[in-house]
1. Straight-line reach from Lys156: which aspartates and glutamates have a Cα under 18 Å away, not including same-chain ones fewer than 8 places off?
2. Given contacts defined as C-alpha pairs under 8 Å and at least six residues apart, what's the relative contact order of the stretch 34-280, whole-number percent?
3. Which of rounded, prolate, oblate describes the stretch 159-299, given a ≥ b ≥ c as roots of the alpha-carbon gyration tensor eigenvalues and a/c under 1.5 marking rounded, otherwise prolate only if a/b is larger than b/c?
4. Counting other Cβ atoms within 10 Å of each Cβ, which GluC sites (Glu not before Pro) in the stretch 103-164 have at most 14 and sit in a DSSP loop?
5. Note down the magnitude of the dipole of the chain about its Cα centre, charges +1 on Lys and Arg C-beta and -1 on Asp and Glu C-beta and zero elsewhere, to the nearest 20 debye.
6. Could you work out [θ]222 nm for the chain from helices alone, using -39500 (n - 2.57) per DSSP H run of at least four and dividing by all its residues? Round to the nearest 500 deg cm²/dmol.
7. Considering only DSSP beta bridges where both residues belong to the stretch 34-280, give the percentage that are antiparallel (nearest 5).
8. Top to bottom by accessible area (1.4 Å), largest first, where do Arg30, Arg49, Arg178 land?
Amino acid sequence: MKCDSLFCCAMLQCSQYFDGKRRQNNMSLRMEEHLRGFEARMDEEIAKREAFIRDQVLGTGGQGVVLGLSGGIDSAVTAALAARALGPDKVVALWMGAESSSVHHRDAKLVADTYGFRFIEVDFSEIVNQFHGVMAQSAEALPAELRVGQDNPLVKGNLKPRFRKNAEYWMAALLGYRVANTCNWSETAIGYETKYGDAAGDFSVLGDLVKAEIYLLAKHLGMPEQLVTKAPSADLWEGHTDEAEIGISYKDLDTYLCTGEGDAETIAKIDRLYQLSAHKRNPMPLVSPPKYPGEGGVN
């Protein structure tokens with residue numbers, strides 16, 4: 001991962017980064033100011049998110065937090081904030097491998113050890129392969145021209161986040177815990193998340209933050225360096241990286257979302273992805289919203 005990405009500032013002293021790196025990394029002045037402002041209120045941001053976690057868990061009758069720990073920065077920061085908010089003994093993190101990279105497993109375990117919360121390992125490789133095989137065999141009854149996604153790796157790849165979310169809710173039901181969503185605004189804005197998979201959860205701690213802001217949070221939370229220096233990846237298949245699949249750098253994506261700036265081609269692509277992914281962000285459409293008598297309405 002090259003250090004021309006915005007979030008690499010988490011690896012550096014931010015004052016040095018902003019003062020000496022902006023021009024060579026093509027960071028816009030407005031984005032620089034935005035990130036400076038975010039870092040200036042870092043203590044407030046952390047306290048606000050810790051209070052939010054307590055409200056969403058304890059305020060709804062929950063006893064703790066369950067989340068999937070992928071070895072990536074988003075789930076690591078979410079878990080660290082939950083451990084600070086509720087205590088590490090109230091956080092259960094699931095590593096749910098499915099033909100997953102050993103590097104991500106190593107980093108997930110390191111995060112759990114660093115912040116002291118419980119770490120449980122589940123292997124979904126066999127389940128994913130069996131389910132995909134059964135469905136593919138059944139689908140052979142359909143005409144070949146209908147099976148337009150037969151060679152699309154996402155058909156199988158998206159099974160992984162959906163199985164993982166099932167496991168998180170199973171564990172949450174067992175413990176009386178709440179499920180923390182670990183997505184960020186950079187990815188949600190363009191639909192880079194799996195519907196009813198990683199996009200699901202009882203509450204979202206990072207859903208209003210872009211990737212660059214999350215890396216700054218990670219720095220202030222004392223995140224192990226190897227978490228902030230590796231390329232982000234949903235680990236859907238071997239060698240997978242987020243930016244390669246998206247076709248847009250987080251630097252360009254974050255800059256547009258935070259400042260409205262970018263070249264015409266990049267803006268057009270982000271706008272298109274935003275429009276196409278609206279169904280992931282919006283509630284399921286109804287012909288007409290039903291009314292609840294207890295809130296003064298009747299159907």
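The values are calculated or read from the model by the stated rules, or taken from the named source; none is laboratory data. Quick caveat, the model's predicted, so the values are computed rather than measured. All Cβ positions, even for glycine, are placed from backbone atoms using ideal geometry, and neighbour counts span all protein chains on display. Only protein heavy atoms, including side chains, enter the accessible area calculation; ligands, DNA and RNA are left aside. Shrake-Rupley method; radii C 1.70, N 1.55, O 1.52, S 1.80 Å.
1. Cross-link targets: Glu99, Asp123, Glu126, Glu140, Glu193, Asp198, Asp235, Glu238, Asp242, Glu245.
2. In percent, rounded to a whole number, it is 22.
3. oblate
4. Qualifying residues, ordered by number: Glu140.
5. It comes to approximately 460 debye.
6. The helix-only estimate for the chain comes to -15000 deg cm²/dmol at 222 nm.
7. 0 percent
8. Correct descending sequence by accessible area is Arg30, Arg178, Arg49.
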